[in-house]
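The next block holds one structure in the form of structure tokens; read it before the comments.
The values are calculated or read from the model by the stated rules, or taken from the named source; none is laboratory data. Keep in mind the model is a prediction, meaning the values are calculated, not measured. Neighbour counts are summed over all protein chains in view; Cβ atoms, including those assigned to glycine, are modelled from backbone coordinates with ideal geometry.
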Amino acid sequence: MRKVKLTKESTKDILETLLKRSPNNYGKYEDAVANILAKVKAEGDTALFAFTREFDKVEVTKDTIRVTPEEIEEAYKLVDPSLIDVIKKALVNIRSYHEKQLQNSWFTSTTDGTMLGQKVTALNCVGVYVPGGKAVYPSSVLMNIVPAKVAGVDRIVMTTPPGKDGKVNPSTLVAANEAGADEIYKVGGAQAIGALAYGTESIPKVDKIVGPGNIFVALAKKAVYGYVSIDSIAGPSEILVLADETANPRYIAADLLSQAEHDEMASAILITTNEEFADQVDKEVRGFVEVLSRKAIIEKSLENFGYILIAEDMDEAIEAANEIASEHMEIVTKNPFEDMMKVRNAGAIFIGEHSSEPLGDYFAGPNHVLPTNGTAKFFSALSVDDFIKKSSIVYYSREALRKIHKDIIQFATSEQLTAHANSIAAVLRKRTRRTNNGKRSTDRKKHKRNADTSATGY
């Protein structure tokens, strides 16, 4: 890992390097993705089946694209029962955590006849994308489906690419079934995102798409935003560890490598105030790399995006951490809770040497779908909030409106929106109705026209 003295300039250079991993820099793939989406939108299932044949080397039809109950039943027989037990245990923690995020509709009223409120409604239909092929992430299945289920989404549609045998990975199917997916389809890549966004003969159009994927999936999600909502455009994984000399260098090294093994573009950063400790961590990293199964991937990741940053003091270290705004942040210092209070930007924060990042990935309960590439400055972890929408409720009685109508009319006329002003004035004007003899009669007692209604021309 590269050891760098922390300065404003070095922080800027590191940020520029890290941001090169952003999906916003995948421009050379955009035309290919646009072509896939256009064909799926125009041709529906025909394009979907053709792309699955081309990219996944699997033949799917309208009769085989959807996972059957029999396939799910078979999956349970193929997965180690102990893993099923672990999935169920993790599910309890994940569900319990997300249930605490639930919001209720609320209303307030006053004695003069007003009522204001907020109506919370779950989305109707959500699409969950799950990577396949070489990647098998049943944990991500749980993290994406559970908050939608807790929110009360009526229909959860999952897509995932099939293997060479035309089937979905058994552990993925078990996780999806346990979490509560309503429908599962054997399709992946940009074509799956297109199907969820536009709808095809086999796959329904959804309201929102969530879930991680490769470059093509990320760009497809970006392209269909507006047709549907999306959670975020996820980039490569990253971890930042804030540690001082009180930490165990072996533990820190192991945690850094837990993210570096994801792929060659993953980032692992240590920020410390002690150079001797930095050297110890670096030594432990080199030792671990030699014995870990994904050595080649880890080495490439550390070569490109692995850093050990030496800060003058903890305040400088935290300032740099806030600038980097990492997806995962671990704090292993003398006063971790005090330091945590100074952290503004991080997707998830892990405190203490016994709270390493994989704890959050698999079991603790908080969601592991997190903002990357510095977007933790303005994005949050996936949550129940991502699967609801909020409608404002407004009610005023006639008398309540009368008290403030002049203010509204003045505001509207100042913006030269006389129809707005008239909308208010018209409500408070005398209403007339036709009598049986054809003469006009008022619905209420005659009253003086409010002077301010003249602003509308009435």
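Worth a mention:
- All positions within region 31-43 that are of a type outside the set (D, E, K, R) and out of contact with any helix residue (DSSP H, G or I) (no Cβ under 8 Å at 6 or more places or on another chain): 35, 38, 42
- Odd one out for residue 200 among (1) surrounded by fewer than 24 Cβ atoms within 10 Å (Cβ to Cβ); (2) hydroxyl-bearing (Ser, Thr, Tyr); (3) closer than 25 Å to residue 29 by Cα; (4) at pLDDT 95 or above: (1)
- Among the conditions (1) of a type in the set (A, V, I, L, M, F, W, C); (2) touching a Lys or Arg at 6+ places or on another chain (Cβ under 9 Å); (3) buried (at least 24 other Cβ atoms within 10 Å of the Cβ), residue 150 misses just one, which is (3).
- Every test in (1) more than 27 Å from the chain's Cα centre (by Cα); (2) assigned to a helix (DSSP H, G or I) is passed by residue 11 save one, and that test is (1).
Residues are listed down the side, and each one gets a yes or a no for (1) among the small types (Gly, Ala, Ser); (2) over 20 Å from the mean Cα position of the chain (by Cα); (3) assigned to a helix (DSSP H, G or I):
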| residue | (1), (2), (3) |
| --- | --- |
| 77 | no, yes, yes |
| 89 | no, yes, yes |
| 117 | yes, yes, no |
| 158 | no, no, no |
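- If only residues of region 134-191 that are at pLDDT below 95 and among the β-branched types (Val, Ile, Thr) are counted, the one that is nearest to residue 262 (Cα to Cα) is 136.
- Hits in region 245-262 - residues which are of a type in the set (S, T, N, Q) and either modelled with pLDDT of 95 or more or closer than 19 Å to residue 317 by Cα (or both): 246, 248
- Of all residues in region 41-70 being acidic (Asp, Glu) and buried (at least 17 other Cβ atoms within 10 Å of the Cβ), the one that is nearest to residue 188 (Cα to Cα): 56
- Of the strands (runs of 3 or more DSSP E) lying entirely inside region 363-458, those carrying at least 1 residues that are modelled with pLDDT under 90 and exposed (fewer than 12 other Cβ atoms within 10 Å of the Cβ) are 432-434, 440-442.
- Against the criterion of being aliphatic (A, V, I, L, M) and surrounded by fewer than 17 Cβ atoms within 10 Å (Cβ to Cβ), residue 19 qualifies.
- The residues listed here are 194, 189, 235, 226; of these, the one that is farther than 12 Å from residue 128 by Cα and without any contact (Cβ under 8 Å) to a residue 24 or more places away in the chain is 226.
- Within region 51-64, residues that are on the phi > 0 side of the Ramachandran plot reach partners that are part of a loop (DSSP other than H, G, I, E, B) with beta carbons closer than 8 Å, at six or more positions or on different chains, in the pairs 57/164.
- Any hit, region 96-112, residues being of a type outside the set (A, V, I, L, M), within 22 Å of the chain's Cα centre (by Cα), in a helix (DSSP H, G or I) and under 30 Å from residue 263 (Cα atoms): yes
- The residues listed here are 306, 360, 365; of these, the one that is of a type outside the set (D, E, K, R) and at positive phi is 365.
- Being of a type in the set (D, E, K, R) and over 21 Å from the mean Cα position of the chain (by Cα) is a description that applies to residue 186.
- Of all residues in region 254-272, those satisfying the criterion of being of a type in the set (A, V, I, L, M, F, W, C) and surrounded by fewer than 24 Cβ atoms within 10 Å (Cβ to Cβ) are 254, 257, 265.
- Taken together, the criteria place residue 221 among residues that are farther than 21 Å from residue 279 by Cα and surrounded by 24 or more Cβ atoms within 10 Å (Cβ to Cβ).
- Answer residue from region 63-103, given it is in contact with a Leu (Cβ under 9 Å, 6 or more places away or on another chain) and of a type in the set (Val, Ile, Thr) and is farthest from residue 137 (Cα to Cα) among those: 65
- Residue 91 passes every criterion in (1) under 25 Å from residue 361 (Cβ atoms); (2) touching a Ser or Thr at 6+ places or on another chain (Cβ under 9 Å); (3) not β-branched (Val, Ile, Thr) apart from (2).
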